[in-house]
Amino acid sequence: MPTYTFKDTETGDILDVTMSMKDLDDYKKEFPNHERYFDEVPGVISGTGIKSDSGFNDVLTKISEAHPESPLAERHLRKSIKQAKTERIVKEWKKKTYGK
């Protein structure tokens with residue numbers, strides 16, 4: 001049987017109640033001041049992100065080279081150490097000068 005966590009809106013108490021899904025509707029009617037409480041997001045989804053092969057990574061790199069200021073370029077563009085340092089210094093200067 002699943003355990004549901006509720007928060008009493010009047011007292012702020014947090015309660016764990018074990019009941020079937022069928023009984024959940026009756027419980028909500030009986031205790032209208034109890035709201036479902038989620039302490040943390042349940043880990044339902046795992047392994048998110050794009051898994052790509054080298055061919056797809058090459059395509060992303062070409063797109064990044066064509067659009068060097070895009071967020072995609074920040075992740076996929078191959079840069080030399082000098083380029084990376086220069087971009088970091090320019091970004092810090094822009095932030096300091098323009099507040100961006």
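Among the residues of the range 66-93, what is the count of those that are surrounded by fewer than 13 Cβ atoms within 10 Å (Cβ to Cβ) and within 27 Å of the chain's Cα centre (by Cα)?
Looking only at that region, the number is 10.
Does E30 count as exposed (fewer than 10 other Cβ atoms within 10 Å of the Cβ) and at pLDDT 90 or above?
Numbers: exposed (fewer than 10 other Cβ atoms within 10 Å of the Cβ): yes; at pLDDT 90 or above: yes.
Criteria met by E30.
So how many residues does the range 1-17 have that are among the β-branched types (V, I, T) and either in a strand (DSSP E or B) or in contact (Cβ under 8 Å) with a residue 40 or more places away in the chain (or both)?
So the answer is 4.
Might you let me know whether the range 43-50 holds any residue that is surrounded by fewer than 10 Cβ atoms within 10 Å (Cβ to Cβ) and modelled with pLDDT of 80 or more?
No, there is no match, as no residue in the range 43-50 is surrounded by fewer than 10 Cβ atoms within 10 Å (Cβ to Cβ) and modelled with pLDDT of 80 or more.
Checking the conditions here, which among E74, E87, E92, E65 is assigned to a helix (DSSP H, G or I), modelled with pLDDT of 90 or more and acidic (D, E)?
Being assigned to a helix (DSSP H, G or I), modelled with pLDDT of 90 or more and acidic (D, E) holds for just one of E74, E87, E92, E65, which is E92.
The values are calculated or read from the model by the stated rules, or taken from the named source; none is laboratory data. Fair warning: this is a prediction, and the values are worked out from it, not measured in the lab. Heads up, the Cβs are rebuilt from the backbone with ideal geometry, glycines too, and the neighbour counts pull from every protein chain shown.
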